[in-house]
There are 2 protein chains.
Amino acid sequence: MRKTLPLSQLVEAIAEASSIRYNNLVYELQRKKKDVIVLSLGESFFDIPFYSFTDLDYVRGYHYSHSRGIFELREKISRFYEKQYGVSSDPNTEVLVTAGSKAVIYMALRTILCPDDEVIIFEPAWVSYTEQVRLSYAVPMMVPHYEGVADINKYVTERTKAVIINNPNNPSGKVYSKKELKQLYDFAKRRGLYILSDEAYSDFVDEEPFHSMAIFDKKKERVIVVNSLSKNMGMSGLRIGYVIANEKIINAILKLNQHIITCPATLVELYVIKYLDAILKKTFPQIKKLLSLRKEIGRYMDSIGLERLPGTGTFYFTVSIVPSKLSSEEFATRLLKEDHVATVPGLGYGKSLDSFLRVGIGTESPERIKKGLDAIRTLITKTS
Amino acid sequence: MRKTLPLSQLVEAIAEASSIRYNNLVYELQRKKKDVIVLSLGESFFDIPFYSFTDLDYVRGYHYSHSRGIFELREKISRFYEKQYGVSSDPNTEVLVTAGSKAVIYMALRTILCPDDEVIIFEPAWVSYTEQVRLSYAVPMMVPHYEGVADINKYVTERTKAVIINNPNNPSGKVYSKKELKQLYDFAKRRGLYILSDEAYSDFVDEEPFHSMAIFDKKKERVIVVNSLSKNMGMSGLRIGYVIANEKIINAILKLNQHIITCPATLVELYVIKYLDAILKKTFPQIKKLLSLRKEIGRYMDSIGLERLPGTGTFYFTVSIVPSKLSSEEFATRLLKEDHVATVPGLGYGKSLDSFLRVGIGTESPERIKKGLDAIRTLITKTS
């Protein structure tokens, strides 16, 4: 008889997403009525009206939808990607909508990876890529932040199966140039690799234009594009994400979706079909406003001597804490406890990021963001 | 250079859920304006009013919720399980709500299974159990329908880690007796096994009372209970499922949820928090009505000589096609094409079910259901 009931070692080894752990510390302080400057959330607080649910077909909304997602929604997404980014797709066979892009990235990875396959991931890397690769029994191969697309050769082995690219990058804001993307695509083609391109922040660009990875791969031989409504539209709570890929991959993801998720909340699909265009009209100007705030904040960082990784997109900065002697976790914890400023320690985005913090500017006023940056600046000096 | 880009063999080997494949055939016939009697859906069409979204906190609804699910919803679920089934749980630590019970079963399996672990599954078995166990790199060990809890000993090996029980069973309608459940629990305790108890049809019982597996395991040492709003409340489209388990398991599932799903649609959580009680008042009488229809249909089957697996719960029957010479897939396909009656072939529920069909009575009138059964009866005779 076994006394203990061991859990999956793989799951036990997963780090709780550090951004979430820090947010829980924030909630605790807030419950104690402390005024916390929150630069840690992965959200932007847009002002979006609430449209009526009354006109929606609620009976349909109460029941399962097609497990590729409702056709009209796939059609809208397909048209959007064509019009906005020049990527054409067949909504019948090459698009699948489900409950968030996180789920769809996981299913795409499960679809392309065999055990022990290696996946190249550029740091700073969104924390779930690494864990999702591990949950697929595959191996993440991290490229440190100071290396780029041109250095990828060093990280490829016989076992490499795919590259994940996050364009624009959360958290650096890096927008990949057309030249870099082409270079990566050519490399992947030469080596027979898939490219999973997470384009969740595709509209959060300003000076440098966004190019979808899929423009290089008209036949969708190796590029899998994932996107969502969470970031570009500021509606993370609706849990709608989607993937554009070739028919064979979509069919495989479809099978996984049928066995793991089924479909997004049908009611929410109906809502998005009806109001997507109206919502986009509201959010696009707010994205522009947020990007102009990003520039202002960048100038402010320059003025107080805060360095950061290069990037012009998204609503994040990856701020250096060098020459502080603290690790990113120690620094962020002290900053939160002493100064009531919440950020995310860089370590969660890769080992090469342990002297950085993620600073998000989507949820606070310019004045409060600057106050938070002052506190970072002071703590760096104090701990150097 | 690799020419081809091989997909995961595991995913390629997954059978598309056969119920879904048949439903697609149904859609095709319906597009051709054929009148199809649909006995294949895994849904009951309840009459549920549509409550107002206007009073909900939509700004909150547009954003992520806690990745355990909103606390008030966990509290409501915890109280419901206590009041309804005598299972107590701490909503802070022992309950997690996410986007459907399918996702939560998958994450629970990933949490408890290591590669090559074996999981005992009773046939007829919901098709996703088998595939989800395989996706966890573990091995499903199927118990044929003519064996029961008392025979489980034959299927246990050194590698057995868990048993999945679906109570009441989809598709037989079998409601496990307290004695059977106790026997299974004692066995699992003696052998150090987890029990995953899928109780999605817990309110769909009539003559035989439903008992939650969790009543035998006050400390939740080994019992993991999963349930949802899809079946009991006829609201599959809302995608809300939940798990009740010990704190350690919930914490592990939480990590998976953070990396795979995040949370259900927040707006839908708010809707359910506000209207759950009102909806239950509407659905409970309709469940009773459907169970009384189930009895009527059972008597009708007796009168035309259609045999079936024993069971009094759910809104399904597992109908025998013996002595037809056709396999269940051949039979169901011919029934659909010739008679325009849609059912689900038994094979999808296990190898021992290849001389059965799943017949669901949640979406058609008594007259049309009987017409469908007549067609089955006739085709059995014709193909014997």
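The values are calculated or read from the model by the stated rules, or taken from the named source; none is laboratory data. Since the structure is predicted, the reported quantities are computational estimates derived from the model, not experimental observations. Note that each Cβ is placed from the backbone with ideal geometry, even for glycine, and that neighbours are counted across all protein chains shown.
Any residue in the range A:229-247 that is in a helix (DSSP H, G or I) and under 28 Å from A:L347 (Cα atoms)?
Within the range A:229-247 (the criterion being in a helix (DSSP H, G or I) and under 28 Å from A:L347 (Cα atoms)), the answer is yes, since at least one residue qualifies.
Would you say A:P6 is in contact with an Asp or Glu (Cβ under 6 Å, 6 or more places away or on another chain) and without any contact (Cβ under 8 Å) to a residue 40 or more places away in the chain?
No, not satisfied.
With the structure loaded, tell me whether A:G346 is under 16 Å from A:W126 (Cα atoms) and under 25 Å from the mean Cα position of the chain (by Cα) or whether it fails that test.
It is true that A:G346 is under 16 Å from A:W126 (Cα atoms) and under 25 Å from the mean Cα position of the chain (by Cα).
For the range B:277-291, how many residues are surrounded by fewer than 18 Cβ atoms within 10 Å (Cβ to Cβ) and not basic (K, R)?
So the count comes out to 6.
Given the conditions (1) at pLDDT 95 or above; (2) over 16 Å from A:R68 (Cβ atoms); (3) among the hydroxyl-bearing types (S, T, Y), and given that A:S236 satisfies all but one, which numbered condition is not satisfied?
Of the numbered conditions (1) at pLDDT 95 or above; (2) over 16 Å from A:R68 (Cβ atoms); (3) among the hydroxyl-bearing types (S, T, Y), the odd one out for A:S236 is (1).
Within the range B:15-26, is even one residue touching a helix residue (DSSP H, G or I) at 6+ places or on another chain (Cβ under 6 Å) and either outside any helix (DSSP H, G or I) or modelled with pLDDT of 90 or more (or both)?
Within the range B:15-26, one or more residues are touching a helix residue (DSSP H, G or I) at 6+ places or on another chain (Cβ under 6 Å) and either outside any helix (DSSP H, G or I) or modelled with pLDDT of 90 or more (or both).
When you go through B:E329, B:E307, B:E338 one by one, which is the residue that is touching a residue at least 12 places away in the same chain (Cβ under 8 Å), in contact with a Gly (Cβ under 9 Å, 6 or more places away or on another chain) and on the phi < 0 side of the Ramachandran plot?
None of the others qualify; the one that does is B:E329.
Please find, within the range B:355-369, the residue that is farthest from B:T314 (Cα to Cα) out of those that are surrounded by 18 or more Cβ atoms within 10 Å (Cβ to Cβ) and charged (D, E, K, R).
Looking at residues that are surrounded by 18 or more Cβ atoms within 10 Å (Cβ to Cβ) and charged (D, E, K, R), I get B:E364.
Assuming A:M301 fulfils every condition listed in (1) closer than 18 Å to A:L39 by Cβ; (2) free of Cβ contacts under 8 Å to residues at least 40 places away in the same chain; (3) not polar (S, T, N, Q) apart from one, which condition is it?
The one condition A:M301 does not meet is (2).
Pick from the range B:50-65 the residues that are facing chain A (nearest Cβ under 9 Å) and not hydroxyl-bearing (S, T, Y): which of them is farthest from B:S230 (Cα to Cα)?
Here the residue is B:V59.
Which of the residues that make up the range B:30-61 are more than 27 Å from B:E269 (Cα to Cα) and at pLDDT below 90?
Listed by number, the residues that qualify are B:Q30, B:R31.
Could you identify the single residue in B:R299, B:R294 that is over 30 Å from B:M107 (Cβ atoms), buried (at least 16 other Cβ atoms within 10 Å of the Cβ), away from chain A (no Cβ under 14 Å) and among the charged types (D, E, K, R)?
Sole residue among the options that is over 30 Å from B:M107 (Cβ atoms), buried (at least 16 other Cβ atoms within 10 Å of the Cβ), away from chain A (no Cβ under 14 Å) and among the charged types (D, E, K, R): B:R294.
Against the conditions (1) within 8 Å of chain B (Cβ to nearest Cβ); (2) surrounded by 14 or more Cβ atoms within 10 Å (Cβ to Cβ), where does A:P6 fall short? Just the number, please.
(2)
Taking the range B:209-248, which residues are buried (at least 21 other Cβ atoms within 10 Å of the Cβ) and within 20 Å of A:E12 (Cα to Cα)?
Once the filter is applied, which keeps residues that are buried (at least 21 other Cβ atoms within 10 Å of the Cβ) and within 20 Å of A:E12 (Cα to Cα), the range B:209-248 yields B:K220, B:R222, B:V223, B:I224, B:V243, B:I244, B:A245.
Which of the residues that make up the range B:53-90 are surrounded by fewer than 15 Cβ atoms within 10 Å (Cβ to Cβ) and either β-branched (V, I, T) or touching a His at 6+ places or on another chain (Cβ under 8 Å) (or both)?
Within the range B:53-90, B:T54, B:V59 qualify.
Examine the range B:18-28 for a residue that is surrounded by 20 or more Cβ atoms within 10 Å (Cβ to Cβ), under 30 Å from A:N24 (Cβ atoms) and of a type in the set (F, W, Y), and state whether such a residue exists.
Among the residues of the range B:18-28, not one is surrounded by 20 or more Cβ atoms within 10 Å (Cβ to Cβ), under 30 Å from A:N24 (Cβ atoms) and of a type in the set (F, W, Y), which makes the answer no.
Filter the range B:93-150 down to residues that are touching a strand residue (DSSP E or B) at 6+ places or on another chain (Cβ under 7 Å) and of a type in the set (D, E) and give me whichever is nearest to the other protein chains (Cβ to nearest Cβ).
B:D117
For the range A:211-232, give me each residue that is within 11 Å of chain B (Cβ to nearest Cβ) and under 13 Å from the mean Cα position of the chain (by Cα).
Once the filter is applied, which keeps residues that are within 11 Å of chain B (Cβ to nearest Cβ) and under 13 Å from the mean Cα position of the chain (by Cα), the range A:211-232 yields A:S228, A:L229, A:S230.
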